[in-house]
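K.L.:
Starting off with a structure, shown below.
The values are calculated or read from the model by the stated rules, or taken from the named source; none is laboratory data. Keep in mind the model is a prediction, meaning the values are calculated, not measured. So basically every Cβ, Gly included, is an ideal-geometry build from the backbone, and we count neighbours across all protein chains shown. Areas reflect the complete protein model, heavy atoms only, side chains present, ligands, DNA and RNA absent. Shrake-Rupley method; radii C 1.70, N 1.55, O 1.52, S 1.80 Å.
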Amino acid sequence: MRKLVYFVASSADGFIAGPGGEFDFFPMEGDHIAAQAAELAETLPQHVREMLHVSLGQTRFDTVVMGRGTYAPGLAAGFEDPYAPLQTVVFSRSLPAREGRVRIVADDPLAFVRTLKEQPGKDIWLCGGGALAGQLLPEIDEVILKINPVLARDGVRVLAGDFQPSKLTLRKHRAFTSGVTWLYYDVAR
Ligand SMILES: NC(=O)c1ccc[n+]([C@@H]2O[C@H](COP(=O)([O-])OP(=O)(O)OC[C@H]3O[C@@H](n4cnc5c(N)ncnc54)[C@H](OP(=O)(O)O)[C@@H]3O)[C@@H](O)[C@H]2O)c1
């Protein structure tokens, strides 16, 4: 069955964005970006791939799911289909529903993703944010945390929700000279 993989950048203290959605405190250059471009280029927005002259070869993911809080800032900047050619699913009860390569749905995220996982296809990338990830945790198979060498102190947490520890198994770790570390976890069931 295809896996749901939460691949996300975090501060060392567990924030994926600042309280106002800031993310410019994460280093955007360095060998960690080169690795992402080489191995998971589909997780870079299309305009970033173009800027870096990165082309898509084989991809791990063919679908990305995200909450409206993650989609809306890019949309406001004119990026309606930021991760093309991935099938994009945006969960929102406030945006008008939409079909096509970018689907906007008000469905229950857990039920929707369970159905998606049963359909044939490549793995599914959970882009974020923390509110959606908190709801989808029962269906998350892997967490790949890109830990940035910075403390944010406040902002959007990796996962929203109440205190409820979930065990992880560390499968792999990589340290980049940029100071970014990638931690690959399997979620224990
Ligand atoms: N560092 C990273 O790698 C990374 C990755 C992704 C995102 N981010 C950042 O994270 C922030 C956004 O995260 P967030 O936690 O605030 O928001 P989010 O999870 O992206 O989106 C939350 C929104 O999703 C919709 N939603 C949630 N549950 C739903 C449900 N059950 N049914 C239908 N729709 C549902 C709602 O939209 P409506 O209000 O429209 O109903 C809700 O307001 C942004 O600043 C973004 O830049 C960072």
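K.L.:
When you scan region 14-29, how many residues do you find that are more than 8 Å from the ligand (Cβ to nearest atom), in contact (Cβ under 8 Å) with a residue 12 or more places away in the chain and over 24 Å from E139 (Cα atoms)?
P.N.:
Of the residues in that region, 4 qualify.
K.L.:
Anything in region 135-184 that is hydrophobic (A, V, I, L, M, F, W, C) and more than 27 Å from M1 (Cα to Cα)? List them, or say none.
P.N.:
I147, V150, L151, A152, V156, F163, A175, F176, V180, listed by residue number.
K.L.:
So, one more: For region 110-128, does any single residue satisfy the condition of being under 22 Å from P19 (Cα atoms) and out of contact with any Leu (no Cβ under 6 Å at 6 or more places or on another chain)?
P.N.:
Within region 110-128, one or more residues are under 22 Å from P19 (Cα atoms) and out of contact with any Leu (no Cβ under 6 Å at 6 or more places or on another chain).
K.L.:
With the structure loaded, tell me whether D162 is under 25 Å from E80 (Cα atoms), of a type in the set (D, E) and in a loop (DSSP other than H, G, I, E, B) or whether it fails that test.
P.N.:
no
K.L.:
Take R103 and tell me if it is open to solvent by 40 Å² or more (accessible area, probe 1.4 Å) and touching a residue at least 40 places away in the same chain (Cβ under 8 Å).
P.N.:
Spelling it out, it is not the case that R103 is open to solvent by 40 Å² or more (accessible area, probe 1.4 Å) and touching a residue at least 40 places away in the same chain (Cβ under 8 Å).
K.L.:
Looking at L44, L40, L136, L116, can you tell me which residue is of a type outside the set (K, R), in contact (Cβ under 8 Å) with a residue 40 or more places away in the chain, within 16 Å of the ligand (Cβ to nearest atom) and closer than 25 Å to W182 by Cα?
P.N.:
Every option except L136 fails the conditions.
Conditions tested, residue by residue: (1) open to solvent by 70 Å² or more (accessible area, probe 1.4 Å); (2) out of contact with any Pro (no Cβ under 9 Å at 6 or more places or on another chain); (3) over 20 Å from T43 (Cα atoms); (4) not small (G, A, S).
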{"site": "S94", "(1), (2), (3), (4)": "yes, yes, yes, no"}
{"site": "E99", "(1), (2), (3), (4)": "yes, yes, yes, yes"}
{"site": "V113", "(1), (2), (3), (4)": "no, yes, no, yes"}
{"site": "I124", "(1), (2), (3), (4)": "no, yes, no, yes"}
{"site": "C127", "(1), (2), (3), (4)": "no, yes, no, yes"}
{"site": "L132", "(1), (2), (3), (4)": "no, no, no, yes"}
